[in-house]
1. Taking the Cβ of Arg113 as the centre, find all other residues whose Cβ is under 14 Å away and add up their charges (Lys, Arg: +1; Asp, Glu: -1).
2. For Arg10 and Val101 in one chain, what is 0.36 nm times their gap in residues minus the Cα-Cα distance, to one decimal in nm?
Amino acid sequence: MRPRKTGWSRAKFVKLVDEVLERLPTRFRERIQNVTVLVENVPPEQLPHRGSRNAGILGSDDPESLVLGIFEGVPTTKKSTFDLPAGPDRIVLYQKNIEAVCSSENEIRREIRLTVLHELGHYRDE
């Protein structure tokens, strides 16, 4: 698998994410409540440190170790009806990392789908 040399615009990537979300099976879409899906470039720990001359996006030589997405919130099985609403839970997709492990639009589409489904597993915690 060859990494992409050029990145996509954020608008094009987000459009692809929206398409993937719309195509998820109904049983998944119906069970997602109060969850938003966001796109960021890379996880905070991959950002260059202040004053660093290294402006590289990837913080690793090994694409297999890149974080592609993360669930931020409380799994539904851990929530209580007595909890105060804290806003929506979030799934964050890391665009530059997903692009780094994919070499075509079809691979990016597949990776977005797999990453969203994986993170939904943390949301449902089942």
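Bear in mind these aren't lab numbers, they're just calculated from the coordinates by the rules spelled out. Model, not experiment: these values are computed from the prediction. Positions of Cβ are generated from backbone atoms using ideal geometry, with glycine treated the same way; all protein chains shown enter the neighbour counts.
1. Details: positive: Arg23, Arg29, Arg109, Arg110; negative: Asp18, Glu19, Glu22, Glu105, Glu107, Glu111, Glu119.
Result for the local shell: -3.
2. Details: separation 91, 0.36 × 91 = 32.76 nm, distance 1.70 nm.
Length difference between fully extended and current span is 31.1 nm.
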